[in-house]
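The structure under discussion appears below in the form of structure tokens.
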């Protein structure tokens with residue numbers, strides 16, 4: 001589930017959410033989430049139903065999505081459900097990096113490559 005439009009992720013973030021929890025995500029929506037800093041926490045359907053019922057009973061229920069432990073938690077009701085995420089994506093979230101941030105980690109290697117390029121080829125400046 002989830003929209004293929006990148007604006008959908010932006011709208012969720014603009015509403016104040018840092019994560020979305022669901023029993024399933026469309027691949028394109030999950031990718032848009034991770035590229036834009038919104039954590040997609042996919043938990044088993046029975047756990048999602050339990051959490052939804054708990055939130056309907058108590059709309060103020062505090063829920064934590066722990067990216068380091070890959071767990072969704074609602075301590076007040078003893079709820080915990082694991083979710084998975086590629087290690088590289090998890091590191092991006094933990095370090096607060098986007099594609100540009102990842103690229104900038106390699107500035108020295110990029111500069112070295114540009115210095116070695118043949119002079120008649122276009123250079124990135």
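Within the set 68, 62, 6, the sole residue that is surrounded by fewer than 14 Cβ atoms within 10 Å (Cβ to Cβ), in contact (Cβ under 8 Å) with a residue 12 or more places away in the chain and within 25 Å of residue 102 (Cβ to Cβ) turns out to be 68.
Can you pull out every residue in the stretch 29-65 that is part of a helix (DSSP H, G or I) and under 21 Å from the mean Cα position of the chain (by Cα)?
Correct list: 29, 30, 31, 32, 33, 34, 35, 45, 47, 48, 51, 52.
The set of residues in the stretch 97-125 being free of Cβ contacts under 8 Å to residues at least 24 places away in the same chain and either in the same structural domain as residue 43 (by TED's automatic domain parsing) or under 19 Å from the mean Cα position of the chain (by Cα) (or both) consists of 97, 100, 101, 102, 103.
Looking only at residues in the stretch 85-110 that are out of contact with any helix residue (DSSP H, G or I) (no Cβ under 9 Å at 6 or more places or on another chain) and assigned to a loop (DSSP other than H, G, I, E, B), the one that is nearest to residue 24 (Cα to Cα) is 96. Considering (1) outside any helix (DSSP H, G or I); (2) modelled with pLDDT of 95 or more; (3) out of contact with any strand residue (DSSP E or B) (no Cβ under 7 Å at 6 or more places or on another chain), the lone condition that residue 80 does not fulfil carries the number (3). When the stretch 4-55 is filtered for residues that are farther than 18 Å from residue 66 by Cα and in contact with a helix residue (DSSP H, G or I) (Cβ under 6 Å, 6 or more places away or on another chain), the ones remaining, listed by number, are 4, 6, 9, 32, 54.
Give me the residue from the stretch 66-77 that is in a loop (DSSP other than H, G, I, E, B) and in contact with a strand residue (DSSP E or B) (Cβ under 7 Å, 6 or more places away or on another chain) and, out of that set, farthest from residue 13 (Cα to Cα).
The initial filter retains those residues of the stretch 66-77 that are in a loop (DSSP other than H, G, I, E, B), namely 67-70.
Narrowing the set further to residues that are in contact with a strand residue (DSSP E or B) (Cβ under 7 Å, 6 or more places away or on another chain) leaves 67, 70.
Details: 67: 17, 70: 20 Å.
So, considering only residues that are in a loop (DSSP other than H, G, I, E, B) and in contact with a strand residue (DSSP E or B) (Cβ under 7 Å, 6 or more places away or on another chain), the one farthest from residue 13 (Cα to Cα) is 70.
The values are calculated or read from the model by the stated rules, or taken from the named source; none is laboratory data. As the structure is a computational prediction, the values presented were derived from the model and not from experiment. Every residue, glycine as well, gets a Cβ built from its backbone with ideal geometry; the counts of neighbours run over all protein chains shown.
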